[in-house]
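The values are calculated or read from the model by the stated rules, or taken from the named source; none is laboratory data. Remember, it's a predicted structure, so these values are computed and weren't measured experimentally. Don't worry about glycine lacking a Cβ; one is built from the backbone with ideal geometry, like all the others, and counts go over all protein chains shown. Each accessible area value is taken on the protein alone, full model and side chains, heavy atoms only, with ligands, DNA and RNA left out. Shrake-Rupley method; radii C 1.70, N 1.55, O 1.52, S 1.80 Å.
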Amino acid sequence: MNDYYEILGVDRDADQAEIKKAYRKKARQLHPDYAGPESEEAFKELSVAYETLSDPEKRRMYDLGGPDALRGGGAQGAGFGFGDFFDAMFGGGFSAGFGSSAPPSRTQRGKDQRVALEITLEEAAFGGVKEITIPSYVLCHACSGSMCEPGTEPATCANCRGSGVVVQVQNTLLGRMQTQAPCPACQGYGTTIPSPCHECSGTGRVRTTRTLSVEIPAGAASDVQLRQTGQGEVGPGGGPAGDLYIVIREKKHPVFDRHGDDLHTWITIPMTTAALGTDFQLDTLDGPTAVTIRPGTQPHEEIVLDGLGVGRLQRPGRGDLHVHIEVEVPTKLDARSRELLEQLAEIRGEEHVQPHHREQGFFERLRETFTGQ
Ligand SMILES: [Zn+2]
Ligand SMILES: [Zn+2]
């Protein structure tokens, strides 16, 4: 037999409110109507634990001798019905009459918030921490979300005696008609706030800007959403905050184009460098990096620098940096350059245009067929 306190997940000195809250939470998870028949045993166990601990007398006996003390006293299985279950789930009133329920709470969960965050390519490549400042609702510090001026408390609404509803009786041709409507004095909440907090005008939260640090994962890209649980707006009545979604916008880089995790960049080299080759330093995201242009490099050739691209999102490793090479041919030649190039051409026998030599193509064969040549 498991410990009842463990079954409910509460401390041994938990008060009745805590026990009830813990039971509601667990009952939602374990109730066979929601969780399926396999949870039936666990739900029964939970019910027994709650039945015992929610009754001060039974709890005292349990504390003295554990569940055996109760069994000996014959208290086990003493009718724990669905009325108890619904009372615990929905805050009482359910078994008092179908259709009636506790008034709604003024405290509600806050809205989720969505903000855009612009990052640089460097931040996308390596990840990092960035501060953002956003307009938001935060908990009112003066009243800690109670909505009441410090030292005061909400009062039970006198108009509806805390039920949140008023019954209106109308005489019609068909007889007396009863209708229920939200109480106008308390807007259906069942309580009034006699002295609203001066700081938040009785709303439990204040509008302000807040700054928070956001961890940007390496590999982040435009439209990636970072969810920050509980960092959205604090709800009305100081309710729990919603979530914050940070939508990444990546700034265009002047030199590097990003395709997935790979980067592409273009360099132009003179035709002499293409022919002779050279070593030079290329500025990459990792700083100056040695690059070798081999002698005889052709236009549109590409050099791939492994692992100098963008970090992979939620995976180890990085993409590559592709260096695309353009070869520049001089458009204006001075007399000396022209002379040297003419000499070079002569040495290499390059004075004439060489046609491409190809296999005989389809059109040539077709022509021969028709002309008989
Ligand atoms: Zn306040
Ligand atoms: Zn009322």
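Observations on the structure shown:
- For segment 205-322, the residue among V291, T209, L321 whose Cα projects farthest onto the positive side of the dipole built from Cβ charges is T209.
- Two-decimal log10 I(q)/I(0) for segment 118-227, as the Debye equation yields it once each C-alpha is a single scatterer, q = 0.11, 0.19, 0.20, 0.22 Å⁻¹: -0.63, -0.95, -1.00, -1.09
- Less than 5 angstrom separates the built amide H of I216 from those of G128, V129, K130, all sequence-distant by 5 or more or on a different chain.
- Think of the chain as having a plus end and a minus end, set by charges on the Cβ of Lys, Arg, Asp and Glu; of Q231, T179, S47, T179 sits farthest toward the positive end of this dipole.
- Percent antiparallel among DSSP beta bridges (both partners in the chain, rounded to 5): 75
- Residue with peak Gaussian network fluctuation, the chain [Cα springs, cutoff 10 Å], from L282, L173, L305: L173
- Estimated from helical segments only, the mean residue ellipticity of the chain at 222 nm is -8000 deg cm²/dmol, where each DSSP H run of four or more residues counts as -39500 (n - 2.57).
- Over the chain, relative contact order from alpha-carbon pairs under 8 Å, at least 6 apart, %: 14
- Remark on the chain: C148 stand apart, with no other cysteine beta carbon under 4.7 Å.
- Mean-position separation - Cα centroids, segment 269-338 and segment 162-211, in angstrom: 72
- Viscosity 1.306 mPa s, 10 °C: Kirkwood-radius Stokes-Einstein D of segment 253-373 over Cα pairs, µm²/s: 86
- Sequence ranges 266-279, 329-342, ranked by mean other-Cβ count within 10 angstrom, highest first: 266-279, 329-342
- Here the convex hull built on the C-alpha positions of the chain has a volume of 423 cubic angstrom per residue.
- For segment 176-192, 3J(HN,Hα) computed residue by residue from phi via the Karplus equation (6.51, -1.76, 1.60; θ = phi - 60°) reads 7, 10, 9, 10, 9, 9, x, 5, x, 6, 10, 6, x, 7, x, 10, 10 Hz, glycine and proline entered as x.
- Packing-based order for 50-56, 343-349, 289-295, 157-163, using average beta carbon neighbours within 10 Å, highest first: 50-56, 157-163, 289-295, 343-349
- When you filter the GluC sites (Glu not before Pro) in segment 182-248 for DSSP loop state and at most 16 other Cβ atoms inside 10 Å of their Cβ, you are left with E199.
- Residue pairs exceeding 32 angstrom between C-alpha atoms, taken from K111/K251; K21/K130; K25/K130; K26/K130; K21/K111; K26/K111: K21/K130; K25/K130; K26/K130.
- Protection proxy ranking, peptides 247-253, 138-144, 312-318, average beta carbon neighbours within 10 Å, highest first: 138-144, 247-253, 312-318
- For the chain, the fraction of 1.4 Å probe accessible surface lying on carbon and sulfur atoms is 52 percent.
- Put a plus charge on the Cβ of each Lys and Arg, a minus charge on the Cβ of each Asp and Glu, and nothing anywhere else: the dipole of the chain about its Cα centre is then about 1900 debye.
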